[in-house]
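Visitor: Below are the structure tokens for one structure; questions will follow.
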Amino acid sequence: MRSDHGSGAKGRFSATKRTDVMFYALSFLLTIITLQVRSEVVTLNTDEIVFLFGNSLDRAELMDTPGVHAETHWYAGGHFQTRWWSSNREGSVTGLWTAKDNKRCVLLSAPWTTSEAGWQCAAILKRPDGRYISLNPDGSLHGLHQLSVIPASASEPLP
């Protein structure tokens with residue numbers, strides 16, 4: 001004699017219930033991981049940007065242009081000088097910088113900028129490992145930065 005109790009609908013319900021529980025557990029775990037990552041990366045405020053970047057040497061890997069590296073001298077007086085390079089190109093750029101509204105703002109000198117480009121401002125994020133991430137004005141990733149202090153004797157722009 002055959003009985004449907006124990007293997008039919010009840011078996012299907014248990015499998016569905018297990019899938020639902022696994023889905024909710026996985027969703028909960030992913031939420032926890034996302035919150036931890038967000039809490040470890042901190043957006044710098046205006047005062048922190050001025051303090052950290054004023055008279056600093058910035059070595060960066062550009063995340064939005066793979067293979068390009070840069071070295072920037074950020075001077076407390078509001079000027080900067082950048083030298084960049086890749087495997088087949090190199091160049092330099094100078095300009096002005098400031099911080100406002102919790103963003104670092106730069107104005108590139110000619111011929112790198114046009115009158116309509118003007119100041120470009122974007123957030124700077126601090127990672128738990130002590131490096132910094134700069135964003136583009138649209139919020140996309142720009143670069144990964146390691147900062148060090150420029151010695152006092154070299155804290156003014158070169159002529």
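Visitor: Could you figure out which of (1) part of a strand (DSSP E or B); (2) at pLDDT 95 or above; (3) exposed (fewer than 15 other Cβ atoms within 10 Å of the Cβ) isn't true of Asp47?
Guide: Here Asp47 clears every test but (1).
Visitor: Residues that are touching a helix residue (DSSP H, G or I) at 6+ places or on another chain (Cβ under 8 Å) and at pLDDT 95 or above: list the strands (runs of 3 or more DSSP E) wholly contained in segment 88-159 that include at least 3 such residues.
Guide: The qualifying strands (runs of 3 or more DSSP E) are 90-100.
The values are calculated or read from the model by the stated rules, or taken from the named source; none is laboratory data. Model, not experiment: these values are computed from the prediction. We place every Cβ from the backbone using ideal geometry, glycine too, and count neighbours over all the protein chains shown.
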